[in-house]
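Trainee: Below you will find the structure I want to go over with you.
The values are calculated or read from the model by the stated rules, or taken from the named source; none is laboratory data. Keep in mind it's a predicted model, so treat the numbers as computed, not measured. Backbone-built Cβ (ideal geometry, glycine too); neighbour counts: all protein chains shown. To get the accessible areas, we keep the full protein, side chains included, count just its heavy atoms, and leave off ligands, DNA and RNA. Shrake-Rupley method; radii C 1.70, N 1.55, O 1.52, S 1.80 Å.
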Amino acid sequence: MTLALWNEIVELTVEHVVLVATSMAIATAVALPAGILLTRRAPLQRWVMGFANIMQTVPSLALFGFLIPVPLLGGIGKHTAIVALVLYALLPVLRNTLAGILGVDRAVRESAIAMGMTGRQLLWEVELPLAARTILAGVRVATVATIGTATIAAAIGGGGLGVFIFQGLASVDTAQILAGAVPAAFLALLADGGLGWAEKKLSPA
Amino acid sequence: MTPLVSFRNVSCRLGGKDVLRELSLDIEAGETLVLLGRSGSGKTTALKMVNALLLPSAGEVRVEGTPTAAWDAIRLRRRIGYVIQEAGLFPHFTVEQNVGLVPRLEGWPAEKIRARVHALLEQVELPPAQFAARYPRELSGGQRQRVGVARALAADPPLLLFDEPFGALDPVTRVELQRQFLALRREIGKTAIFVTHDVREALLIATRIALLHDGRLDVLATPAEFLRAPGEEVRAFLACLDPQGIPA
Ligand SMILES: Nc1ncnc2c1ncn2[C@@H]1O[C@H](COP(=O)(O)OP(=O)(O)O)[C@@H](O)[C@H]1O
Ligand SMILES: [Mg+2]
């Protein structure tokens with residue numbers, strides 16, 4: 001392996017991590033508060049979850065393609081890739097936020113209210129700590145999936161390890177495909193392990 | 001003197017069903033009023049109206065003379081201790097944090113909370129050295145209920161609500177906790193509303209028994225009067241005491 005290739009692997013891996021981290025940060029920043037709001041708005045739950053489920057079923061390559069002609073959000077480049085990755089990552093985080101908070105024991109929630117907790121105290125002191133593990137599991141699932149999906153982002157100029165894979169596919173060069181696929185798989189394992197460990201460390205509920 | 005709690009023609013409709021119908025009842029300071037009834041008779045619903053977990057669909061419940069609908073619900077609840085069957089302890093809080101919750105919400109200084117929590121744990125016979133740092137999952141059912149009682153007493157509320165607090169315990173532990181409850185009441189003399197479906201428990205701890213049947217107040221009597229009260233539902237409950245009724 002030449003030094004030039006090695007440098008390129010490192011560079012594209014960093015680019016990949018930035019792409020995934022940005023997308024996950026945005027997706028979590030949107031889905032977590034949205035999930036909390038949804039726990040307070042039962043009638044909306046079906047609609048929002050339905051929409052998020054549909055987004056999830058659109059094949060990723062198609063979604064990237066659809067976004068290219070969209071004004072503001074679309075076009076060729078990183079931001080389009082991030083928009084698509086965020087759309088994919090929303091569902092697992094949203095779903096687990098809902099499940100985690102709605103899964104808090106009825107007796108525990110009722111006690112908290114009966115002790116005179118305000119809505120905010122109920123959320124921060126009871127619901128979120130008890131749901132933290134489930135929510136983080138959603139973030140983990142979404143992160144691992146995003147690391148894989150982000151390789152497709154190269155097709156619309158998003159950069160990252162997918163660049164190797166698409167180049168390799170075009171030139172039927174297995175080594176080059178592997179140069180993209182192996183680090184991506186490694187990143188996914190690392191994220192899964194790290195976030196899985198954090199989950200276990202969280203509240204012993 | 002105004003009664004501590006007063007139900008005035010209270011009705012409650014839940015999910016299209018009249019769960020309570022025109023309940024009128026006064027609870028005076030210092031008494032232990034037991035709400036007795038079959039399951040589904042509306043006991044829990046009546047209890048939840050006192051701390052505004054539910055509001056009447058007609059009539060009103062007054063606490064210290066003010067209708068619950070007019071109270072600031074948060075302030076009202078912090079003045080009322082609440083103990084339920086499953087204890088409802090916070091699984092991510094230690095025993096000490098569970099018991100100290102309301103004082104903390106009320107902004108007591110940490111030292112005062114600690115002293116109060118330790119005194120209460122002594123009172124419910126859970127030595128703090130041994131129990132303060134435990135999590136609820138490290139306790140037996142009976143210990144959990146005692147923590148629940150300590151938590152309800154923490155901010156020294158004038159009124160306590162109990163919803164079948166000993167219902168899920170084994171008979172031996174239940175009797176122990178009933179005795180402890182009586183001893184505690186002699187010691188601190190608080191007003192309590194206590195829900196149970198167990199007529200023995202009702203006769204043991206009540207100063208007055210309110211028998212609910214199908215959302216209505218059937219009988220309101222002292223334990224001595226209750227034993228002689230007429231009516232089918234009373235007899236159905238008293239039959240539980242009759243040793244003849246117990247199959248060999
Ligand atoms: N939120 C609710 N929606 C509909 N029905 C309810 C609700 N809560 C209680 N009920 C009904 O009201 C009746 C009385 O309930 P409850 O007060 O819990 O009885 P108890 O505590 O005496 O067992 C039951 O038939 C129950 O099914
Ligand atoms: Mg009940």
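Trainee: Identify all lysines with a Cα-Cα distance to residue B:112 below 24 Å; exclude those on the same chain that are fewer than 8 residues away in sequence.
Mentor: B:190
Trainee: Considering only protein heavy atoms and a 1.4 Å probe, what is the carbon-and-sulfur percentage of the accessible area of chain B? Could you put the intermediate results ahead of the total?
Mentor: Working: 5620 of 11180 Å².
Of the solvent-accessible surface of chain B, carbon and sulfur hold 50 percent.
Trainee: Further question: Fully extended, how many nm does the chain gain between residue B:14 and residue B:125 (0.36 nm per residue separation, minus their Cα-Cα distance)?
Mentor: 36.0 nm
Trainee: OK, next. Is there a simple number for the mean count of other chain Cβ atoms within 10 Å of the Cβ of residues in A:113-124, and what is it?
Mentor: 6
Trainee: Please compute, over every Cα-Cα pair in the protein assembly as shown, the percentage with a separation greater than 44 angstrom.
Mentor: Cα-Cα pairs in the protein assembly as shown separated by more than 44 Å: 34 percent.
Trainee: Using a 1.4 Å probe on the protein heavy atoms, what percent of the accessible area of the stretch A:1-145 belongs to carbon and sulfur?
Mentor: Roughly 73 percent, rounded to a whole number.
Trainee: With springs connecting C-alpha atoms under 10 Å apart, model chain A as a Gaussian network and identify which of A:110, A:11, A:127 has the largest mean-square fluctuation.
Mentor: A:110
Trainee: List the extent of the Cα atoms of the stretch B:8-63 along each of their three principal axes, largest first, rounded to whole Å.
Mentor: Extents along the principal axes, in whole Å: 36, 24, 18.
Trainee: Under Stokes-Einstein, with the Kirkwood radius over Cα pairs standing in for Rh, what whole-number D in µm²/s applies to the stretch B:46-114 at 20 °C and 1.002 mPa s?
Mentor: Details: Rh = 13.8 Å.
This corresponds to a translational diffusion coefficient of 155 µm²/s.
Trainee: A further question on this structure: Out of the stretch B:87-136, which GluC sites (Glu not before Pro) are coil in DSSP terms and have no more than 15 other C-beta atoms within 10 Å? Don't jump to the answer; show the numbers that get you there.
Mentor: Numbers: sites: B:96, B:106, B:111, B:122, B:125; in loops: B:106, B:125.
Here the sparse-neighbourhood loop sites are B:106, B:125.
Trainee: A further question follows. If you take the beta carbon distance between residue B:114 and residue B:57 as r and set R0 to 41 Å, what does 1/(1 + (r/R0)^6) give as a FRET efficiency, to the nearest 0.05?
Mentor: 0.40
Trainee: Could you order B:197, B:118 so the one with the most accessible surface comes first? Probe is 1.4 Å.
Mentor: Listed by decreasing accessible area, they come as B:197, B:118.
Trainee: Hey, another quick one. Scale the Cα Rg of the stretch B:168-248 by the rule-of-thumb value 2.2 N^0.38 Å and send over the ratio, two decimals.
Mentor: Here the Cα radius of gyration is 1.18 times the empirical estimate.
Trainee: Step by step: find N for the stretch A:138-183, compute 2.2 N^0.38 Å, then divide the Cα radius of gyration by it. What's the final number? Numbers along the way, then the final one.
Mentor: Working: Rg = 11.2 Å, N = 46, 2.2 N^0.38 = 9.4 Å.
Relative to the rule-of-thumb radius for its length, the stretch A:138-183 sits at 1.19.
Trainee: Under a 1.4 Å probe, what is the accessible area of the stretch B:91-145 per residue, stated in Å²?
Mentor: Each residue of the stretch B:91-145 exposes 48 Å² on average to a 1.4 Å probe.
Trainee: Mind ranking A:156, A:177 by accessible surface for me, highest first, 1.4 Å probe?
Mentor: Largest to smallest exposure gives the sequence A:177, A:156.
Trainee: Add -39500 (n - 2.57) for each DSSP H run of 4 or more in the protein assembly as shown, then divide by its residues: what number comes out at 222 nm, to the nearest 500 deg cm²/dmol?
Mentor: Only helices count here, giving -17500 deg cm²/dmol.
Trainee: Ok, one more. Any idea what % of Cα-Cα pairs in chain B are farther than 24 Å?
Mentor: Summing the P(r) of chain B above 24 Å gives 47 percent of all pairs.
Trainee: Further question: Starting from the exponent 0.38 and prefactor 2.2 Å, build the expected Rg for the stretch A:28-173 from its residue count and divide its actual Cα Rg by it.
Mentor: 1.29
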